[in-house]
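This report refers to the structure that appears directly beneath it.
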Amino acid sequence: MDLWLIWLIAAGTLAVVEIFTLTAALGILSAAALVTAGAAALGLPLPFQFLLFTVLAVVGVIFVRPVATRHLLKPQAERFGVDALVGRSAYVVSEVTGLGGRVRIGGEEWTARAYDETLVIPPGVTVDVLEISGATALVYPRE
């Protein structure tokens, strides 16, 4: 079996394992093996193939992996969907109690319940959205 084919199989195997582990290190090793497969196909002798793979792997793991993991571990900057509604203010359209009511959040009308079930919030009051449960906003009046 040709050496370039062995390097190509190693690159493919490392890439598949990287998909399941998401460590970034195996992806870098896969890329190094892929480049080495290309060099082997061009006729680079075996000792230089190992040297090329080693240099590419070390450079990738030392310099590229920290950048990749920093981007993977970065917390999500913005909230989307119903999570973005938590913390916003709402306008009470119809009386809100512990059992139900209606509020307007950013131009959309939502069913609502009072976060404190003993409260009765009259129409026209501004409330804060504390939580979204399904399609119901749990609200609390502003002070």
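Within region 29-49, the set of residues being in contact (Cβ under 8 Å) with a residue 40 or more places away in the chain and within 21 Å of I62 (Cβ to Cβ) comprises just one member, Q49. Any residue in region 60-80 that's in contact (Cβ under 8 Å) with a residue 12 or more places away in the chain: show its pairings with residues that are part of a loop (DSSP other than H, G, I, E, B) and open to solvent by less than 80 Å² (accessible area, probe 1.4 Å) at Cβ separation under 6 Å, as long as the two are six or more apart or on different chains. Pairs found: R65/A24; A68/A24; T69/A24. Look at G124 and say whether it is under 13 Å from R142 (Cβ atoms), within 23 Å of the chain's Cα centre (by Cα) and assigned to a loop (DSSP other than H, G, I, E, B). No; evaluated as a whole, the condition is false for this residue. Scoring A25 on the criteria (1) of a type in the set (A, V, I, L, M, F, W, C); (2) open to solvent by 90 Å² or more (accessible area, probe 1.4 Å); (3) modelled with pLDDT under 90 leaves a single failure, condition (2). Of everything in region 5-20 that's farther than 13 Å from A41 by Cβ and of a type outside the set (A, V, I, L, M), which residue is surrounded by the fewest Cβ atoms within 10 Å (Cβ to Cβ)? In this case the residue turns out to be F20.
When region 95-121 is limited to residues that are of a type in the set (D, E, K, R) and not in a strand (DSSP E or B), the one that is least open to solvent (accessible area, probe 1.4 Å) turns out to be D116.
The values are calculated or read from the model by the stated rules, or taken from the named source; none is laboratory data. What you see is a predicted model, and the numbers here were worked out from it, not measured in a lab. As a convention, Cβ positions derive from the backbone with ideal geometry for all residues, glycine included, and neighbour counts pool all protein chains shown. The accessibility values were calculated without ligands, DNA or RNA, using every heavy atom of the protein model including side chains. Shrake-Rupley method; radii C 1.70, N 1.55, O 1.52, S 1.80 Å.
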